[in-house]
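Take a look at the structure below.
The values are calculated or read from the model by the stated rules, or taken from the named source; none is laboratory data. If you're wondering where the values come from, they're calculated on a predicted model, not measured in any experiment. No Cβ is skipped: glycine too gets one built from the backbone with ideal geometry, and neighbour counts run over all protein chains shown.
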């Protein structure tokens, strides 16, 4: 039997109606490889599955299923494409250690990243603050320049910032990024991430347990979270509300024996409350990338662990040294609206508006929806 025949059997198993990941693992554990499952007696199958599923396993796939299998086989033959089964040497060992590894993974890009020695997940809000997004990208770049591969979920906000930061890393030992999808590997969701998907596929890895053609579905995304944490040594939550899906990933990480890290924020920022909750529950507080690198004993280049000399020089020209620093002092690191700032500084509206625009153009202040503003810290 050829490798293609073997893969076709795995694809058929996972395309059988009524066979999900759990049922597939039970069948594989009891009966062996997929070919032996299809050759088992009806009686033997009834000990493991319902009569309906047993009949489906013993019936040749219909033409539609055969077309899907053929399409997947053709897809897997293309350069940079792979279907990794539980018995494949390239299947990530880290996922074999979790309670519910997917029987089949679709990979697009550099599948060798699944065996990288340093894997860290970064997750957070889909609608982060400007500061949170900036932090996620800067930390991801610092981690990547220390040889760490960043794992995230390809969602809007913090996930996308983490992927971009990892891809922006330079240096001989720069890591990369793995995007774990809630769709098929041939679908881009959200659509605005099309360019990012191409970049990750070229320089990192797109990974999914869902069959090709799978559209985004609400139930898929919490399910993929166990793979984000399972692949990684630890999970860093950058910004998250108290009911964020990122907290699900953090909980799964704890259950899988992974480390959990959280980045604190302002008590007035709802997107910091989830991180504070994690810290109260025992997550490690993170203020710098070095905090995580030291926790794992991952040696980092000096540039990734300490501010570059240029950043120190910039401080001399920071607006905080000028008389107008009243605005930045009034902002602190909380989110404030225009009227609040006017009351705190005592500045007239026209002068305050003009100076806020200058600070925004200089990259010191971010303008948020609803006429609100936030100071951007230097990481």
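Check residue 61 against each of (1) within 20 Å of residue 187 (Cα to Cα); (2) without any contact (Cβ under 8 Å) to a residue 60 or more places away in the chain and name the one condition it does not meet.
Failing condition for residue 61: (1).
For the range 258-286: of the residues being out of contact with any strand residue (DSSP E or B) (no Cβ under 8 Å at 6 or more places or on another chain) and in contact (Cβ under 8 Å) with a residue 12 or more places away in the chain, which is surrounded by the most Cβ atoms within 10 Å (Cβ to Cβ)?
271
Farther than 25 Å from residue 220 by Cα and at pLDDT 95 or above: does that describe residue 50?
no
Considering 61, 17, which residue is assigned to a loop (DSSP other than H, G, I, E, B), closer than 24 Å to residue 212 by Cα and within 34 Å of the chain's Cα centre (by Cα)? Break it down into steps so the answer makes sense when it comes.
Details: 61 fails: within 34 Å of the chain's Cα centre (by Cα).
Step by step, each of 61, 17 is checked, and only 17 is assigned to a loop (DSSP other than H, G, I, E, B), closer than 24 Å to residue 212 by Cα and within 34 Å of the chain's Cα centre (by Cα).
Does residue 120 meet the test of being closer than 26 Å to residue 190 by Cβ, free of Cβ contacts under 8 Å to residues at least 40 places away in the same chain and assigned by TED's automatic domain parsing to the domain that holds residue 235? Let's see the steps before the verdict.
On the way: closer than 26 Å to residue 190 by Cβ: yes; free of Cβ contacts under 8 Å to residues at least 40 places away in the same chain: no; assigned by TED's automatic domain parsing to the domain that holds residue 235: yes.
No, not satisfied.
When you go through 204, 230, 147, 184 one by one, which is the residue that is within 12 Å of the chain's Cα centre (by Cα) and in contact (Cβ under 8 Å) with a residue 60 or more places away in the chain?
The unique qualifying residue is 230.
Evaluate the range 70-81: report whether one residue or more is closer than 30 Å to residue 242 by Cβ, outside the structural domain of residue 149 (by TED's automatic domain parsing) and touching a strand residue (DSSP E or B) at 6+ places or on another chain (Cβ under 9 Å).
No: zero hits.
What number of residues within the range 277-299 are farther than 18 Å from residue 240 by Cβ and part of a loop (DSSP other than H, G, I, E, B)?
Adding up the residues that qualify gives 4.
What number of residues within the range 140-165 are modelled with pLDDT under 95 and in a strand (DSSP E or B)?
Total meeting the criteria: 0.
Among the candidates 131, 137, single out the residue that is in a helix (DSSP H, G or I), modelled with pLDDT under 95 and closer than 21 Å to residue 264 by Cα.
Selected residue: 131, the only one of 131, 137 that is in a helix (DSSP H, G or I), modelled with pLDDT under 95 and closer than 21 Å to residue 264 by Cα.
Hey, could you check the range 89-125 for residues that are surrounded by fewer than 18 Cβ atoms within 10 Å (Cβ to Cβ) and in contact with a helix residue (DSSP H, G or I) (Cβ under 9 Å, 6 or more places away or on another chain) and say which is farthest from residue 267 (Cα to Cα)?
Of the range 89-125, the ones surrounded by fewer than 18 Cβ atoms within 10 Å (Cβ to Cβ) are 89-90, 93, 96-97, 99-100, 112, 115, 117.
From what's left, in contact with a helix residue (DSSP H, G or I) (Cβ under 9 Å, 6 or more places away or on another chain): 90, 93, 97, 99-100, 115.
Details: 90: 45, 93: 39, 97: 37, 99: 36, 100: 37, 115: 39 Å.
Filtering first and then ranking leaves 90.
Got a sec? Which of 236, 252, 285 is under 14 Å from residue 122 (Cβ atoms) and modelled with pLDDT of 95 or more?
Working: 252 fails: under 14 Å from residue 122 (Cβ atoms); 285 fails: under 14 Å from residue 122 (Cβ atoms).
The unique qualifying residue is 236.
Is it the case that the range 342-350 has a residue that's part of a helix (DSSP H, G or I) and in contact (Cβ under 8 Å) with a residue 12 or more places away in the chain?
Among the residues of the range 342-350, at least one is part of a helix (DSSP H, G or I) and in contact (Cβ under 8 Å) with a residue 12 or more places away in the chain, which makes the answer yes.
Just need a number here: residues in the range 335-364 that are within 21 Å of residue 288 (Cα to Cα) and either surrounded by fewer than 16 Cβ atoms within 10 Å (Cβ to Cβ) or modelled with pLDDT of 85 or more (or both).
1
Residue 297 - would you say it is modelled with pLDDT of 75 or more and either farther than 30 Å from residue 228 by Cβ or touching a helix residue (DSSP H, G or I) at 6+ places or on another chain (Cβ under 6 Å) (or both)?
Considered against the rule, which asks whether it is modelled with pLDDT of 75 or more and either farther than 30 Å from residue 228 by Cβ or touching a helix residue (DSSP H, G or I) at 6+ places or on another chain (Cβ under 6 Å) (or both), residue 297 comes out as no.
Taking residue 174 as the residue in question, decide whether it is surrounded by fewer than 19 Cβ atoms within 10 Å (Cβ to Cβ), touching a helix residue (DSSP H, G or I) at 6+ places or on another chain (Cβ under 8 Å) and either outside any strand (DSSP E or B) or in contact (Cβ under 8 Å) with a residue 60 or more places away in the chain (or both).
No; evaluated as a whole, the condition is false for this residue.
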